[in-house]
1. For a footprinting-style exposure proxy, rank B:161, B:54 by other Cβ within 10 Å, fewest first.
2. Let me have the relative contact order for region B:194-303, percent, based on Cα pairs under 8 Å that are six or more residues apart.
3. Efficiency by 1/(1 + (r/R0)^6): what FRET value for residue B:163 and residue B:414, r their Cβ-Cβ distance, R0 = 30 Å, to the nearest 0.05?
4. Which pairs in the list B:209/B:280; A:89/B:362; B:280/B:300; B:50/B:234 are over 26 Å apart, alpha-carbon to alpha-carbon?
5. From the Cα gyration tensor of region B:181-264, with a ≥ b ≥ c the square roots of its eigenvalues, which class applies: rounded if a/c is under 1.5, or else prolate if a/b is larger than b/c, or else oblate?
6. If each residue's Cβ is checked for other Cβ atoms within 10 Å, how do A:123, B:22, B:341, B:191 rank with the fewest at the top?
7. Which of B:329, B:59, B:109, B:45 has the fewest other C-beta atoms within 10 Å, and how do the rest follow up to the most?
8. Can you tell me the FRET efficiency between residue B:266 and residue A:100 if r is taken as the Cβ-Cβ distance and R0 is 45 Å, rounded to the nearest 0.05?
Amino acid sequence: AVGPKGIFRVIERSEQWSVGELEPEDFGAIRELSMNPIGDRIISAFFSPGKETVDFASFVRILAHFHPTETSRSRDGVQPEPANSRTRKLKFAFQLYDQDRDGKISREELLQVLRTMLEMQVTEEQLQSIAERAIQEADLDQDDAISFDEFRKVRGVDLIRDQIDNWEY
Amino acid sequence: AASLLSVSLRLCLGISITAWLTLLFVFIIVPAVLGVSFGIRRLYMRTLLKIFAWATSRMEMGAKEKNQQLHKPYSNGIIAKESPSSLQQELQELRGSASCPRSEPEFEMADIFYFCRRGVESILDDEVTKRFSAQELESWNLLTRSNYNFRHISLRLTVLWGLGVLIRYGILLPLRVTLAITGISLLVVLTTLVGFLPNRELRFYLSEKVHLMCFRICVRALTAIITYHNRENKPKNGGICVSNHTTPIDVIILANDGCYSMVGQVHGGLMGMMQRAMVKSSPHIWFERSEVKDRHLVAKRLSDHVADKTKQPILIFPEGTCINNTSVMMFKKGSFEIACTVYPVAIKYDPRFGDAFWNSSKFGLVNYLLRMMSSWAIVCSVWYLPPMNREEGEDAMQFANRVKAAIAAQGGLVDLIWDGGLKRAKVKDAFKEEQQKLYSKVLVGEQDEGEQSDDMHLEDENQEEDENPEDESNQDSTKGQ
């Protein structure tokens, strides 16, 4: 799903790193990724929980999420959901927040993300109030956490579908 | 019969060696000494280009026949990035589709999509890391090292490639190695001899001639075909010559056309011997390892050198490391702090003939030189740019950037702000902080803006439907901090 051009580039880059499996440290070689405040989270998204390495096939499967979404498909419902569907993309982003993979973004998890995105630029109180506001808006069933369904309905996320359909690699 | 055979063999050998040496002398050494050229190398270059074009078209035909897509590595990258926009702009776009825009920007859970996308883009292709590996080519130059497509497509092509290997390793390589040895030995011996001369003026004059001659021989040892542009801007005494850096050969390329004082660290071995010999006849600047760290010492020695107008211009590569010739990276400001004229030079290698970039993490120096000498040729262009001086109110960094932009523009290279030191070092946290700062500005706003938008706030409130006054007061207290 990444496409022939992408595959060649990915092969070349992974040859630079190591043969066979990638480790989190290998991603450290990508300078622009080190600059990204949530760079570490993106890296850990490639690794299954508990596993220290990722093989090439799994790596490509995850990258496949980012191929442009086909909005008109003539498939019957029996086909498994393609890797680059809108839902998968949203799920990927959801898991950037939900690090313990329990299906809910807790207040603490939200705070952690805010901390990595802003770190020393805002005070702890500002962080708390931002997190508070976000949870209040998103949490519809009042369980003090944001589930995947609630995440999809959050203002901004629901409207982002046009944008993410067109991520092109 | 056996003795007859051995005698005739020895005779053959003797004759062929003599013939070869004569040819060498006539076609290479004499022109090098006199500074003339027969034009043989340019003819060679044109012939090679024709052959390469043929080879590429054969490959394309072969790929079409088999209905395969010929993999042409793109130098533009594989990601359809929109025109580069700032973090603020992209976030606005991301949020712009919201139905009721808030009066002030707030954190949105959707913001993470921006960072997520940027992150994955970096994994696939980032601007910095790709500068440190060799540039990819659109056509094939019969060297397997630069080709992903090499399969057995046609017999003719494989034969041609095989012939190429034979010629390059069997004929060109030994010839070039011989020349290189000749050039280097002459350099060492003659500069030492010249150093003994008592008369200063004679010494200067001869040293110039000797340096030029030996570098010309080295240029022929690499089969380097160089085109110099704008020679009226050549660096003059009492100045500093700066250039972009791709390979150690840059030095030879520039020294082929003018006399420079070189700057560098003292090495051991053969390099060290050459350095010691060269400095006897010409005032090159070599630093001990320990002295390199002392910035003041370095600056002082350089300043003293340029102050003396009888001394040749200094040659410096401000990037500090070899870059792959598609871009120019950050210039270190040390050389720009010295008060003198700067003569920028741009060097651009033609990648069709052989990749000149030295990837020091992949190959050692000897390995690299062997690869160079077994390539077809090294073709490059050198542009001498008009001299620049530091202007009033400009600090060293700004001056360095101005020079860098001029060099990049002339050589057709991308002008990057990144530090070449990233080749070996990790990204500093400062860059990550920069991103965080930008993002927080979008959320929280500058302190000054905060004060002003309070008023606009209240006006907008009347028009908003969902905002309630309690939330507003929360925000106010947040901003106050």
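1. By the 10 Å Cβ count, ascending, the order reads B:54, B:161.
2. On the way: 66 pairs, mean separation 31.7, N = 110.
Taking the mean separation of contacting Cα pairs over the length of region B:194-303, I get 29 percent.
3. Numbers: r = 37 Å, r/R0 = 1.23.
FRET efficiency, residue B:163 to residue B:414: 0.25.
4. Working: B:209/B:280 14 Å; A:89/B:362 37 Å; B:280/B:300 21 Å; B:50/B:234 33 Å.
Distance filter (> 26 Å) returns A:89/B:362; B:50/B:234.
5. Numbers: a/c = 1.98, a/b = 1.27, b/c = 1.56.
Note, shape of region B:181-264 comes out oblate.
6. Values: A:123 13, B:22 10, B:341 16, B:191 22.
In order of increasing Cβ crowding within 10 Å: B:22, A:123, B:341, B:191.
7. Ranked by crowding around the Cβ, least crowded first: B:45, B:59, B:109, B:329.
8. Details: r = 56 Å, r/R0 = 1.25.
Approximately 0.20, to the nearest 0.05.
Quick note: the coordinates plus some simple rules give every number you see, no bench work behind them. In this text, all values refer to a predicted model and were calculated from it rather than measured experimentally. Note that each Cβ is placed from the backbone with ideal geometry, even for glycine, and that neighbours are counted across all protein chains shown.
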